Amino acid sequence: MSKDKTQARREHLARMRAEQKRKERRTAFTMWGIGGAVIVLLVGAVAFYMVNVRATTSLDAVATAAYPGAQHVETKVTYKENPPMGGEHNPAWQTCAVYDQPINNENAVHSMEHGAVWITYRPDLPKDQVDKLKELASRDYMLMSPYPGLPAKIVLSSWNRQLKVDSADDPRLPKYIAKYRNSGDQAPELGASCSAGVDTTTAEAPIPAAAPSPGASDAPSPGASDSPKPDMSPEPSASPSPSS
């Protein structure tokens, strides 16, 4: 009988040990599972943060073009982009400054050829946003003006480069300016003057749609007589007689 009790006690202890080991394994699996989930969440959070930071600060969204420089024309140009990124332009560049009225594309493009960054914004942009843009534009080689019909709230343009954003708080704005304002190698006349140009707005001095016809200024006004005018030039004085 004593032998049976001893055997029963051993079997009971073995079952208890086995159950304890199963509990320990379940606890370990649970802890590993929780730890793994935490790691996955942390990795996901870091990845989301990095993607979000890159999306809000990267210049990957900058559009590019390949316009050559030194294409001067006296007339209005129809540009492919709105606002333009380069191409034909007026011989006079726009003086780099902040303008409260729209300026001519053709003059601004010439300034961009010299290395300027042109900040354009929709005329209905809130004043506090415009004021922030003015702070960014308060340095040399910067142009700023309202631009009706803009495809985004704010557009930054330089020669063969352009970035569209929806807020003056966008962290890409200062990065774009730092990278493309009178720097890099995309501007054909990088470092040429951005001062002492024209400082008129489109309303004050619009670019003509067509060049005047040759000799148009010499054409007679309507109703003028076509009869020849008398020669009113003075008679030449008589030569003195040779002395005898």
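Can you pick out the pairs among 132/164; 134/175; 132/153; 127/153; 132/175 whose Cα atoms lie more than 18 Å from each other?
none
Residues with amide H under 5 Å of residue 168's amide H, sequence separation 5 or more or different chain, H placed in the peptide plane at 1.01 Å from N; which?
Hits under the 5 Å cutoff: none.
Applying the Karplus parametrisation 6.51 cos²θ - 1.76 cosθ + 1.60 with θ = phi - 60° to the phi angles of the range 107-119, what ³J(HN,Hα) value in whole Hz is obtained for each residue in order, glycine and proline being reported as x?
Here the 3J(HN,Hα) series is 6, 5, 4, 4, 5, 5, 4, 7, x, 7, 9, 10, 8 Hz.
Using a cut-off of 16 Å between alpha-carbon atoms, which aspartates and glutamates can reach residue 179, once sequence neighbours fewer than 8 places away in the same chain are excluded?
Excluding near neighbours in sequence, the set is 60, 113, 140, 170.
Step through the residues of the range 5-18 one at a time and calculate ³J(HN,Hα) from phi using the Karplus curve (6.51 cos²θ - 1.76 cosθ + 1.60, θ = phi - 60°), rounding each to whole Hz and writing x for Gly and Pro.
Per-residue couplings from phi come out as 5, 5, 5, 5, 5, 5, 5, 5, 5, 5, 5, 5, 5, 4 Hz.
What does the highest-first list of 125-135, 91-101 look like by mean Cβ count within 10 Å?
Highest-to-lowest ranking by the protection proxy: 91-101, 125-135.
Considering only the other residues whose Cβ falls under 14 Å of the Cβ of residue 115, what net charge follows from Lys and Arg at +1 and Asp and Glu at -1?
With Lys, Arg at +1 and Asp, Glu at -1, the net is 0.
May I ask you to compute the full-extension gain from residue 139 to residue 127, defined as 0.36 nm times their residue separation minus their alpha-carbon distance, rounded to one decimal in nm?
2.3 nm
Show me 178-187, 79-88, 150-159 ranked by packing, highest mean number of other Cβ atoms within 10 Å first.
So the peptides 178-187, 79-88, 150-159, ranked by packing, come out 150-159, 79-88, 178-187.
Residue 162's amide H: which non-local residues (gap 5+, or another chain) put their own amide H closer than 5 Å, with H modeled 1.01 Å from N in plane and none for Pro or chain starts?
63
What distance in nm separates the simple spin-label points at residue 195 and residue 19, each placed 7 Å from Cα in the Cβ direction?
Calculated label separation equals 9.1 nm.
Per residue of the range 67-78, in order, report the coupling 6.51 cos²θ - 1.76 cosθ + 1.60 (Karplus, θ = phi - 60°) as ³J(HN,Hα) in whole Hz, putting x for Gly and Pro.
7, x, x, 6, 10, 8, 9, 8, 10, 5, 10, 8
None of the figures in this text is laboratory data; all of them are computed from the coordinates on show. No experiment lies behind these values; they were computed from the predicted model shown. Backbone-built Cβ (ideal geometry, glycine too); neighbour counts: all protein chains shown.
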